[in-house]
Amino acid sequence: MHPPFNLRRETLKFAALALCAKPFAALAQAAASAPVAPIRLALIESMSGPFANTGEAVFRNLLWAVERVNARGGIRLPGVAGGARPLQLDRYDSKGQNEEALSALRAALDDGARIVLQGNSSATAAALIDAIDKHNDRDPSRRAIFLNYAAVDPALTNERCSFWHFRFDAHADMRMAALMDVMKDDASLKRVYLIGQDYSFGQAVLREARRQLGAQRRDVEIVGDELHPMGKVKDFSPYATKIIASGAQAVVTGNWGNDLTLLVKAAREAGFGGSFYTFYGNALGAPAAIGDAGIGRVVAVADWLPNVQTAQSEAFYRAFRARFPKPADDYVHMRLQLMVEALVQAFERAGSADALPVARALEQADVGMYGQRGRMRAADHQFQQQLVVGVMDRQGRPGVQFDVEGSGYGFRVVKTIAPERAELPTSCKMKRP
């Protein structure tokens, strides 16, 4: 006896549904197990050429920060399978050239990056800010945010400020004010030589040095004031000769990378016995190049130094060195770690990976780790944090537990400037979307 027609039809329908359910279930299972798309961070830096060491040093810092975020599960966002998205750090070589940096920016955007990171060169930063502003106006669906960790021309958060640009380093005027806190107490200092790289940042450092010396140390004579080509001078001995001939007791410079290392090495070899007041004299070969001549004479300003005398600071430094144990890799900056933590905080507060809500959340960033805190000032997107000034000394002496890059020399902290004292006014008139 055959089943009724309707019963046969329902049976066939359920059988067909069962057959279809298997592929759908397999697809659902595959979707659930598929890797979650990472949030891409595009690092645009000199990975070749005279400043390649600076780019590689930054990459290590950011790699460590990204690894730390991913180790705890990634960035928690609603609607994401597994509840979080990992970070992915991609590197693009600017070769120390603005045009190459802009080409790298286009490639990074095409690759899907919406977070751009750069810092070594204020001129490059200015070019990237302009390009990102235009890109975001032209293509709102692919907007990008620019995180700056080292380009410290004050104009970038003053007259050239941008809603899409966030600076996590103290700008040149803030750093100079911190150095001046030490210089003003040196009554024996009467003659100073100013020298810097001939581009926007180097010019800003010398301009502010002149202004602050005039305001706080009118008794100090500026016996030299010059700029040199950036990244092109291979022999600084002529400059060292002029410094010695001027009778200068101290040199003030914003030089960084090989331009700093070669300058201080030439000065040492020429017999200069004065002091160096620097923005970056605490790393990338400078202490080893200076040697004993720098003890008590080389001063550096930073957001943090390894010999900050707290247990939390020591734990932070030891953690980095455990990850990168080679002495040559000893280049760590707290601000780069705080920058990545601020970005994570902004993503999770925004509940989105879209640039506009993330940028708005980043304006309110307030982050801390290992005893160091910082907050973003919404008015100009200038990060506010404490600064420290250190003086070079031999490792093992009081206050110098750690040396730099295996050189046997470290920096003893002599001045700590609280965030509210380090903060300076802004002239930014920000255009907001």
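The values are calculated or read from the model by the stated rules, or taken from the named source; none is laboratory data. Just so you know, these numbers come straight off a predicted model, no measurement behind them. Here the Cβ positions follow ideal geometry from the backbone for every residue, glycine too, while neighbour counts run over all protein chains shown. Only protein heavy atoms, including side chains, enter the accessible area calculation; ligands, DNA and RNA are left aside. Shrake-Rupley method; radii C 1.70, N 1.55, O 1.52, S 1.80 Å.
Could you state how much accessible area THR416 has, in square angstrom rounded to the nearest 10, with a 1.4 Å probe and all protein chains kept in place?
80
Using a 1.4 Å probe on the protein heavy atoms, what percent of the accessible area of the chain belongs to carbon and sulfur?
Carbon with sulfur: 54 percent of the solvent-accessible area.
Counting Lys and Arg as +1 and Asp and Glu as -1, what is the net charge of the other residues whose Cβ lies under 14 Å from the Cβ of ALA144?
-1
Net charge near TRP64: determine it from the other residues with C-beta under 11 Å of the C-beta of TRP64, scoring Lys and Arg +1 and Asp and Glu -1.
+2
What shape does the range 173-273 have by the C-alpha gyration tensor, where a ≥ b ≥ c are the square roots of the eigenvalues, rounded means a/c under 1.5, and otherwise prolate means a/b greater than b/c and oblate the rest?
The shape class here is oblate.
Separation of the range 128-192 and the range 399-421 by C-alpha centroid, Å?
23
Residues with beta-carbon under 9 Å from that of MET176, excluding MET176: net charge, scoring Lys, Arg +1 and Asp, Glu -1?
Result for the local shell: 0.
Rounded to the nearest 10 Å², what accessible area does LEU77 show when all protein chains are kept and the probe is 1.4 Å?
20
Per residue, what accessible area does the range 213-265 have, given a 1.4 Å probe and all protein chains present, in Å²?
I get 44 Å² per residue for the range 213-265.
With +1 on the Cβ of every Lys and Arg and -1 on the Cβ of every Asp and Glu, and nothing else charged, how large is the dipole of the range 296-347 about its Cα centre, in debye rounded to the nearest 20?
Using only the charged Cβ atoms, the result is roughly 160 debye.
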